[in-house]
1. Within the range 108-160, work out how many residues are within 11 Å of ligand 1 (Cβ to nearest atom), among the hydrophobic types (A, V, I, L, M, F, W, C), without any contact (Cβ under 8 Å) to a residue 40 or more places away in the chain and outside any loop (DSSP other than H, G, I, E, B).
2. Check Asp73, Asp56, Asp40 and return the single one that is within 21 Å of Glu233 (Cβ to Cβ) and not small (Gly, Ala, Ser).
3. Hey, among Ser135, Ser93, which residue is touching a Pro at 6+ places or on another chain (Cβ under 7 Å), within 22 Å of Leu310 (Cα to Cα) and of a type outside the set (Lys, Arg)?
4. Name the residues in the range 265-293 that are near ligand 3 (Cβ under 10 Å from one of its atoms), in a helix (DSSP H, G or I) and under 31 Å from the mean Cα position of the chain (by Cα), would you?
5. Select, from Leu243, Leu291, Leu304, Leu237, the only residue that is touching a strand residue (DSSP E or B) at 6+ places or on another chain (Cβ under 6 Å), of a type in the set (A, V, I, L, M, F, W, C), at pLDDT 95 or above and away from ligand 1 (no atom under 16 Å from the Cβ).
6. Quick one: which of Ser172, Ser187, Ser196 is within 19 Å of Val142 (Cα to Cα), hydroxyl-bearing (Ser, Thr, Tyr), in a loop (DSSP other than H, G, I, E, B) and more than 15 Å from ligand 1 (Cβ to nearest atom)?
7. So which strands (runs of 3 or more DSSP E) are wholly in the range 2-58 and hold at least 3 residues that are touching a residue at least 40 places away in the same chain (Cβ under 8 Å) and assigned by TED's automatic domain parsing to the domain that holds His80?
8. Need the failing condition index for Val166 against (1) more than 16 Å from ligand 1 (Cβ to nearest atom); (2) under 22 Å from Arg303 (Cβ atoms); (3) at pLDDT 95 or above; (4) surrounded by fewer than 17 Cβ atoms within 10 Å (Cβ to Cβ), just the number.
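The values are calculated or read from the model by the stated rules, or taken from the named source; none is laboratory data. It should be emphasised that the depicted structure is a prediction, and the values quoted were computed from it without experimental measurement. Virtual Cβ from ideal backbone geometry, glycine too; neighbours counted across all protein chains shown.
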Amino acid sequence: MADYGWDEACEHAFAPHRAAGLTPARIARAERGSCQAVTDAGILRADIPGTADHGDPSSAPCTGDWAALRPADGRAPVLHATLERRTALVRSSSSRTSHGQVLAANVDTVVVTVSLAAPLNHGRTERMLALAWESGARPVVVLTKADACADPASAEEQVSGVAAGVDVLVTSAVTGQGLDTLTAVVSGTVVLLGPSGAGKSTLGNRLLGEDRLATGAVREADGKGRHTTSWRELLPLPGGGVLMDTPGLRAIGLHDAHSGLEQTFAEIEHLAQTCRFTDCAHENEPGCAVLAAVETGEIPRRRLDSYHRLLRENAYSASRTDARLRADREATKKDITRHLRATYRFRENRK
Ligand SMILES: Nc1nc2c(ncn2[C@@H]2O[C@H](COP(=O)(O)OP(=O)(O)OP(=O)(O)O)[C@@H](O)[C@H]2O)c(=O)[nH]1
Ligand SMILES: [Mg+2]
Ligand SMILES: [Zn+2]
């Protein structure tokens, strides 16, 4: 379990469960009703009881969670509880609900992969960084496939411009460039994030020192990946730490990521402190320091547009969350009223 990140803090949080005769596990993969759990006795399947639509999917067990298992004689153990998450990578769920979907729990380093063999998409990098910052983990941007890029230095400079306060590494799994630096920079539970075909699993194999993860060629026509990795995997790294490979993300909707956005656009947030109005929206206000910086070229127009777009999207997702919470409260009130009525009716009948 130590290989999978179990430490003093886990032991402390687990104490009441241990006293109750439960055993610790880390969830490698979770599905409806069951999960693959890493335990001191090896990797085994555990049952997850009562996951039949009880509302918020973000509270359902997920990859990276620490769990308490109740051993069952001759049958699969049952997942009794999960420990509170230290960090969580959450995106808005693809379903029409307003809940977030947890991609990974208890992550320390988020490796945001960007392929240098395809046109750069800064908006996507900014999105992934916002998600990463919001999680509470530390992001690192890894530019992959430097061997397939004519001018990696220029790409590095461009990406550094959208990754304020984040290390940007240039790597190639073919030549081995940057891999030692990457190994030195990541720590704890490391999750690989990025679109399909970016080279996440290839990078993972280099970090693991062996080909454990399946990789697949990108499509000739458009350079897009074929979604080779189809589930999240948890593997111990040779030098300590844990690797989590993930399937390439098609869409990365933001979910309550306001502070993540503030960190992603740190230089805009910083300049905003000198705008004339404290509530300046940097749209067309007089004395706006941000717009002035766009005028001088200090901040690219694209970056400000992206900031505005992501803030709007986030506000929309937050308003849907608020609406749901209101609806939930109303439903609870109704339940209570119904319950009270039933109770009174019962009393009336007994008179
Ligand atoms: N030239 C070059 N190709 C690479 C490099 N890293 C990965 N590739 C190739 O890129 C393709 C996609 O790599 P994967 O590692 O499967 O990509 P992935 O991000 O895991 O993709 P999904 O699992 O679909 O999300 C494979 O054909 C790899 O061989 C690299 O550094 N240089
Ligand atoms: Mg993969
Ligand atoms: Zn302003």
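1. The qualifying residues number 3.
2. Details: Asp73 fails: within 21 Å of Glu233 (Cβ to Cβ); Asp56 fails: within 21 Å of Glu233 (Cβ to Cβ).
After applying the criteria, what remains is Asp40.
3. Ser93
4. Correct list: Ile268, Leu271, Ala272, Val290.
5. Unique residue meeting the criteria: Leu237.
6. Numbers: Ser172 fails: more than 15 Å from ligand 1 (Cβ to nearest atom); Ser196 fails: more than 15 Å from ligand 1 (Cβ to nearest atom).
Residue meeting the stated conditions: Ser187.
7. On the way: elements: 23-30, 34-39, 42-47.
Because the criterion is at least 3 residues that are touching a residue at least 40 places away in the same chain (Cβ under 8 Å) and assigned by TED's automatic domain parsing to the domain that holds His80, the strands (runs of 3 or more DSSP E) in the range 2-58 that meet it are 23-30, 34-39.
8. (4)
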